[in-house]
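The values are calculated or read from the model by the stated rules, or taken from the named source; none is laboratory data. All values reported here derive from a predicted model rather than from experimental measurement. Because the Cβ atoms are built from the backbone with ideal geometry, glycine has one as well, and the counts that use them run over all protein chains shown.
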Amino acid sequence: MTAKEYLNQAYRIDQRINAKLEQIHALRDMLTKTGAAISDMPKNPNRGESRMENRMAKILDMEAQIDDDVDMLVSLKKDIMGIIREVEPVDCQMLLELRYLCFKTWEEIADELNCTVRNVHNLHSKALGLVRVP
C-alpha cells in the first residue's frame, strides 16, 4: 500500500459514516411520514407494527455499524497522526495533517499555508515521499 492510499483510508471511512448517517435520516423521515389511510375496511392490526419494527431494526443496525466505523476512524486517525508526526520538515507535517486528518481541499490548504496550489502539490509530493507506511 502506498503512503497516499494509507493516508486516504480515514477520508473513505469518514465518507462511509456520512453516507450511513444520510441513510438513517431518510429512514427516520419514512417512519414519521407513514400515516394511516382512512378506510372503513377492517385491517390486520399487526401489519403496521411489523413494518415499523422492521424499519426501527434497520435504523438500529445502521447505528451500530456507524459506531463501529467511528471506532475504526478514531483508531486510524491516531495511527496516521503518529506517522505524520515522524515526517520532517514541519511544513510537510502541516500539509499532511490538513489534507488527511482535516480533509481540506488543495485550495484551502494553499490559503492556510499562504502559497499557491501548485506549491501545495509540490510540497505534497515531497511529503508523501517522507511518509513511512507501516
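Tell me which residues, restricted to the stretch 1-29, are over 26 Å from Met52 (Cβ atoms), surrounded by 13 or more Cβ atoms within 10 Å (Cβ to Cβ) and charged (D, E, K, R).
Listed by number, the residues that qualify are Lys4, Asp14, Arg16.
Can Val133 be described as within 16 Å of Lys4 (Cβ to Cβ), at pLDDT below 95 and either assigned to a loop (DSSP other than H, G, I, E, B) or not small (Gly, Ala, Ser) (or both)? Talk me through it step by step, then tell me what you get.
Details: within 16 Å of Lys4 (Cβ to Cβ): yes; at pLDDT below 95: yes; either assigned to a loop (DSSP other than H, G, I, E, B) or not small (Gly, Ala, Ser) (or both): yes.
Yes; evaluated as a whole, the condition is true for this residue.
Name the single residue, out of those in the stretch 92-119 being in a helix (DSSP H, G or I) and touching a Phe, Trp or Tyr at 6+ places or on another chain (Cβ under 9 Å), that is nearest to Asp79 (Cα to Cα).
Selected residue: Tyr100.
From the residues in the stretch 30-53 that are part of a helix (DSSP H, G or I) and surrounded by 10 or more Cβ atoms within 10 Å (Cβ to Cβ), which one is modelled with the lowest pLDDT?
Within the stretch 30-53, the match that is modelled with the lowest pLDDT is Gly48.
Restricting attention to the stretch 79-88, and to residues there that are surrounded by fewer than 12 Cβ atoms within 10 Å (Cβ to Cβ) and part of a helix (DSSP H, G or I), which single residue is farthest from the chain's Cα centre (by Cα)?
The residue in question is Arg85.
Examine the stretch 61-78 for a residue that is at pLDDT below 95 and not in a helix (DSSP H, G or I), and state whether such a residue exists.
no
List, please: which pairs have Cβ atoms under 6 Å, are six or more places apart or on different chains, and start with a residue in the stretch 9-25 that is closer than 12 Å to Gln65 by Cα and free of Cβ contacts under 8 Å to residues at least 60 places away in the same chain and end with one that is surrounded by 13 or more Cβ atoms within 10 Å (Cβ to Cβ) and not acidic (Asp, Glu)?
Partner pairs satisfying both residue conditions: Ile17/Ile66; Lys20/Met62; Lys20/Ile66; Ile24/Ile59; Ile24/Met62.
Return the total of residues in the stretch 86-110 being without any contact (Cβ under 8 Å) to a residue 40 or more places away in the chain, of a type outside the set (A, V, I, L, M) and closer than 24 Å to Gln15 by Cα. Write out each step before concluding.
Going residue by residue through the stretch 86-110, those that are without any contact (Cβ under 8 Å) to a residue 40 or more places away in the chain are 89-95, 97-98, 102, 104-110.
Then keep just the ones that are of a type outside the set (A, V, I, L, M); that gives 89, 91-93, 97, 102, 104-108.
Right, trim to closer than 24 Å to Gln15 by Cα and you get 93, 97, 102, 104-108.
Total satisfying the criteria: 8.
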